[in-house]
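Input: a single structure, listed below in structure tokens.
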Amino acid sequence: MLALLRKDLQIEFRTKETLASLLLLGLLTLVVLSFAFDPASELRTEAAPGALWVAVIFAGVLGLNRSFLAERENECMQGLLLCPVDRGTIYLAKTLGNFTFMMVAQLMIVPIFVFFFNLPMTLGIGGVFLALALGVLGFAAVGTLFAAVAVRTRAREVMLPLLLLPLVVPIFIAGVKVTGQLLAGKPLADVAPWLNLMVGFDVIFLVVGWLVFEYAVEE
Amino acid sequence: MSSNRRLIDLILAPLAGLGMLLAIYMVFIYVPSDQAQGIVQRIFYFHVPLAIMTFLAFGVVAVASVMFLWQGTRFWDRLAHSAAEVGMLFCTLVLITGPIWARPVWGTWWTWDARLTTTLILWLIYAAYLMMRTVSGPGDQGARYAAILGIVGAVDIPIINRSVYWWRTIHPAVLVTREGSSGLNDPRMQATLGFCFVAFFLLFVWLVWVRNENARLRDAVEGMRQHVLTGHEA
């Protein structure tokens, strides 16, 4: 599994394509959402967590699409499947790869987010990263499974958001809630139930994905 | 059709039909109007059984999906697809009848409480499920992908429900509404609701049956076509 993960990471760090697209798309979403609110109004601070997570989701969907697009070319998928590894392992490697890309992008997006929305740089930011990590993991878990499915259908990229968005609603709700409360200065203990929800979501869907992935890729 | 199937069909169709007719009679004529809510409350007798049935339908989709991935027989796939289509129909009806009832009673078409939101998301998952079958490639691919979605969706629905519930209730300032409180004091109302459950259940079973038969026949025709084609191509 580590070898598979390393392969994906190596490809990425050579081209940095996916990373760049994730970063730019996330940024653009934040900018556009900034236009949705009058800079002076209260609404901005209230809507800020939502804006961040919308940016995460939009950029994430793009990144996920790309992760399997590469496999389609040159019959890489067949090559991958011929590896003497459990299909579930391929799934985990892909998921971790996607997770890593998204988190790296977030490292750069969050400071810009704080900058755009004029948020106080409190210690809550650490908690926000924790919430992001948990959320992105869950998103990657469900997303990797369905990305494998979506790229092989006729509708390709359109299918993925259609499939993914309803399913990641718990992550989105929890993420926005946690981000909002942490930025408002509440301690981590306050948001513990939401973080637990995210952890639960992550665990459940990593397991489901691991079990079901082979059906997604068999010919 | 084999004799067993014919028998089932002969029993189910009139049973469902009569059940629905009786239900309509009960809802519109037999049961008294609710004192507080007036005539609009009668939608409740359709709305609630429809809602139960749509979640039941998704349960069937989930179980059939697991069985399909495990066993691989066409039977489970057809069942899942039929249940999904009927479930989608019922879900749409729930989302239409609900707001019609809510507008006069709550004063608003929609709220974002746990039940409504979960049902809305269920509708979106149904839509994705049905779309998945349309856009998939040839062969079993569509069936398998839909089955995956069915399973993941079913696991997710309770989580979604919980998260939306917490989203709404952790902030007490938010308006928390309670759906059709069971102020069903009149025994006639209870009887009507109970009967409607039965009637809609029969309707559900019959619709899934018809749709399933349709799918089975379609498969049979496809099989014959393949047989003929390959026979002649040899």
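Values in this text are rule-based calculations from the coordinates and carry no lab data. The structure displayed is predicted, hence computed values, not measured ones. Cβ placement follows ideal geometry from the backbone for every residue including glycine, while neighbour counts extend to all protein chains displayed.
Every helix of 4 or more DSSP H residues in chain B counts as -39500 (n - 2.57), and over all residues that averages to -28000 deg cm²/dmol at 222 nm.
The Cα-based radius of gyration of the protein assembly as shown, divided by its Kirkwood radius, gives an Rg/Rh of 1.02.
In terms of surrounding Cβ atoms within a 10 Å radius of their Cβ, B:His47, B:His227 rank from fewest to most as B:His227, B:His47. Extent along the principal axes, Cα only, for the range A:136-219: 50, 25, 13 Å, with the longest axis given first. For the range B:34-74, the residues whose backbone nitrogen is under 16 Å from a point 7 Å from the Cα of B:Leu93, taken along Cα to Cβ, are B:42-58. For the range A:25-32, the Karplus equation 6.51 cos²θ - 1.76 cosθ + 1.60, evaluated at θ = phi - 60°, returns couplings of 5, x, 4, 4, 4, 4, 4, 4 Hz by residue, with Gly and Pro reported as x. With θ taken as phi - 60° and the Karplus curve 6.51 cos²θ - 1.76 cosθ + 1.60 applied, the whole-hertz 3J(HN,Hα) list for the range A:160-174 is 4, x, 4, 6, 7, 4, x, 6, 9, 3, x, 4, 5, 4, 4 Hz, x standing for glycine and proline.
Taking θ as phi - 60° and the Karplus parameters 6.51, -1.76 and 1.60, the scalar couplings of the range A:193-202 work out to x, 5, 5, 4, 4, 5, 4, x, 4, 4 Hz in sequence order, x denoting glycine and proline.
Taking the square roots of five times each eigenvalue of the Cα gyration tensor of the range A:101-166, the equivalent ellipsoid has semi-axes of 30, 12, 9 Å, listed largest first.
Within the range B:135-166, name every residue whose backbone N is under 18 Å away from a label modeled 7 Å from Cα of B:Phe75 along the Cβ vector. Nothing falls inside the zone, counting backbone N under 18 Å.
Residues A:Leu52, A:Leu33 in ascending order of nearby Cβ atoms (within 10 Å, fewest first): A:Leu33, A:Leu52. Taking amide hydrogens as placed 1.01 Å from N in the peptide plane, the amide H of B:Asp34 sits under 5 Å from those of B:Gln41, each at least 5 positions away in sequence or on another chain. For the protein assembly as shown, lysine pairs separated by 8 or more sequence positions, or belonging to different chains, with Cα-Cα distances below 20 Å total 4. Here the Debye sum runs over all C-alpha atoms of the range B:85-143 as equal scatterers in vacuum, and log10 of I(q)/I(0) at q = 0.16, 0.17 Å⁻¹ comes out as -0.58, -0.63.
Expressed in Å, the radius of gyration and Dmax of the Cα atoms of the range B:1-95 are 17.4, 54. Shape call for chain B from the C-alpha gyration tensor, a ≥ b ≥ c root eigenvalues: rounded (a/c under 1.5), prolate (a/b greater than b/c) or oblate? Oblate shape, in that a/c is at least 1.5 and b/c is the bigger or equal ratio.
Counted by neighbouring Cβ atoms within 10 Å, the residues B:Met88, A:Met108 run from fewest to most as A:Met108, B:Met88.
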